[in-house]
Every structure is written in structure tokens, then in C-alpha cells.
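Notes to accompany the following structure.
The values are calculated or read from the model by the stated rules, or taken from the named source; none is laboratory data. Predicted model only: the values in this text are computed from it and were never measured. Virtual Cβ from ideal backbone geometry, glycine too; neighbours counted across all protein chains shown. Protein only, heavy atoms only, side chains kept; ligands, DNA and RNA dropped before computing areas. Shrake-Rupley method; radii C 1.70, N 1.55, O 1.52, S 1.80 Å.
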Amino acid sequence: EKRNYDLNPGHSVVEQKITEVEQASKYKSEFMANMSHELRTPLNSILILAKLLQDNKRDNLTDEQVKYAAVIHNAGSDLLQLINELLDLAKIESGKVEIHKDSINSKHFASNLESLFKEIAKEKKIKFIIDTDKAPEQFISDEYRVEQVIKNFLSNAFKFTDQHGEIKLQIFKQSGNLHFAVSDNGKGISEDKQALIFEAFRQEDGSTSRKYGGTGLGLSISKEISSLLGGRITLESESGKGSKFSLIVPLIEAIEQSSMS
């Protein structure tokens with residue numbers, strides 16, 4: 001009893017510190033969400049104006065001025081993507097991300113992704129393959145969030161795959177789950193770095209002189225989203241031999257959903 005009595009003040013201090021840490025984390029998430037919103041508003045205006053200049057509909061700008069406008073628009077778009085990632089992370093940490101499930105057509109879903117990446121594939125002379133032969137015709141999930149994860153996988157694949165390489169997206173059902181597997185024959189990830197790339201703000205190469213850009217938030221956000229979808233992410237990779245990222249979620253086919261309701 002005396003020992004318990006002596007430990008009580010210690011328990012109170014620990015509980016108080018836990019509460020303070022949780023409160024600080026909440027304030028940080030709210031601050032990030034608010035600041036991300038404040039930054040996006042003026043940046044969207046800059047992007048609109050830069051695009052108007054880039055289009056040069058009045059034909060009153062020189063080729064060099066149009067090129068400058070394109071640089072501003074591209075740089076602003078990259079910055080907006082980084083801000084959106086920070087905003088997503090803040091929403092996830094504060095528990096404000098909601099999942100909205102609906103019926104998704106596998107072929108349409110794959111076609112949208114193909115249209116997003118076909119230009120970069122052409123530019124880098126990368127063979128881009130999409131295989132939906134073993135996918136269900138329709139499935140139930142949050143299309144925006146699933147696409148967000150696969151876009152991150154594909155963006156990384158194109159970033160780390162050299163010219164004349166190959167990238168493949170496979171969508172298939174297996175053992176009651178739906179798999180979205182993105183594989184490449186790019187630089188790969190060493191085994192000792194495979195865990196840390198899923199941590200927020202961590203990258204395989206975290207130096208300021210690194211060759212590849214990005215916040216290091218994409219995979220961390222993808223991991224959190226996969227949990228919200230009731231699934232998980234797996235990684236198979238070897239340094240110098242490419243990588244395979246897979247989003248695996250429970251398969252709910254659209255036909256089954258309608259028959260239950």
C-alpha cells in the first residue's frame with residue numbers, strides 16, 4: 001500500500017504529460033490545416049494568372065514571356081501539391097478524414113490513371129503497362145482515396161525509373177482482397193531503408209543535395225489512407241532491381257453490395 005501511495009504522484013505526472021503531448025499534437029495539426037488553407041488561397045490565384053499568361057490568348061506576349069509564365073505555373077503546381085500533402089497529413093492526424101464509398105468501374109479507374117501518366121511515360125520513353133484482366137468489373141471503395149494512393153505509387157515509380165524502363169499497374173482480386181500493384185525496374189530501395197520511407201518527413205535520401213525532390217509525406221499519407229480503407233500496403237524491393245508497391249483492400253464487389261441492401 002505504501003509503495004502504491006508513493007507511486008501515485010508519479011502516475012499523475014505521467015498522465016499530465018500524456019495529456020499535454022496529445023493537446024500539443026492537436027494544436028499542431030489544427031495549425032497545419034489552417035496554414036495550409038491560408039497558403040492555398042493566394043497560390044490558386046497565382047496559378048490561374050500564370051495559366052492565363054501561358055495561354056497567351058491575345059497573342060501579345062513573346063515566346064520567352066510565355067516560357068516564364070509556364071515556369072511559374074509549373075513551380076506553383078509543385079508547391080500546391082506539397083501544401084496539399086501537408087494538409088492531408090494534418091487532417092489524418094486530427095481524425096478529420098472521412099471515407100466515402102461508392103461503386104467504381106475498374107476499367108474507367110485504370111483509364112483515368114493512364115491518361116494522367118501517359119505524357120510523362122512518353123517523355124521519359126518508359127513502357128507503361130496497365131493490366132486489369134483479373135480485376136472485378138465493379139468494386140466498392142472511396143475512389144478519390146484509392147486513386148490518391150495509386151497516383152503516389154506511380155509518381156514515385158516514374159521519378160525513380162530511368163529512361164527506357166518499364167512500369168506496370170496490375171489490378172486483380174485474390175483471396176477476398178483487391179490488389180493494386182505498381183511495379184518498376186528502377187533504382188529500388190535497400191532493405192534497411194524500406195521501413196523509414198513510410199514515416200512522415202523521412203526519405204531514403206534525406207540530404208539537401210539529393211537528386212529527387214518531394215516532401216517525404218506521400219507514402220506516410222498513403223499508409224494512413226490504406227488503414228482508413230481497411231487495408232494495408234506491402235513493399236517488395238531490392239536496391240538496383242526495382243520496386244513493387246501494393247495497396248491491398250477488402251474486396252466488396254458492386255453486385256454483392258446491391259444484393260445486401
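Quick notes on this one:
- Note on the range 131-158: residues that are buried (at least 16 other Cβ atoms within 10 Å of the Cβ) and over 13 Å from Leu251 (Cα atoms) total 15.
- Some residue of the range 70-78 being modelled with pLDDT of 90 or more and under 17 Å from the mean Cα position of the chain (by Cα): no
- Pair list, Cβ < 7 Å and 6+ apart or interchain, from the range 113-141 residues that are more than 22 Å from Asp162 (Cβ to Cβ) to residues that are of a type in the set (Phe, Trp, Tyr): Lys134/Phe172; Ala135/Phe172
- Condition broken by Ala33, with the remaining ones in (1) at pLDDT 95 or above; (2) assigned to a helix (DSSP H, G or I) satisfied: (1)
- Where Thr208 falls short, out of the listed (1) modelled with pLDDT under 55; (2) touching a helix residue (DSSP H, G or I) at 6+ places or on another chain (Cβ under 6 Å); (3) β-branched (Val, Ile, Thr): (2)
- Of all residues making up the range 34-74, the number that are open to solvent by 60 Å² or more (accessible area, probe 1.4 Å) and hydrophobic (A, V, I, L, M, F, W, C): 9
- Residue among Asn112, Asn84, Asn105 that is within 17 Å of the chain's Cα centre (by Cα), of a type in the set (S, T, N, Q) and under 19 Å from Val182 (Cα atoms): Asn112
- For the range 89-115, a residue qualifies if it is open to solvent by less than 20 Å² (accessible area, probe 1.4 Å) and more than 16 Å from Ser141 (Cα to Cα), and the qualifying residues are Leu89, Ala90, Leu113.
- All of Leu87, Leu79, Leu61 fail the test of being among the aliphatic types (A, V, I, L, M) and without any contact (Cβ under 8 Å) to a residue 12 or more places away in the chain, apart from Leu61.
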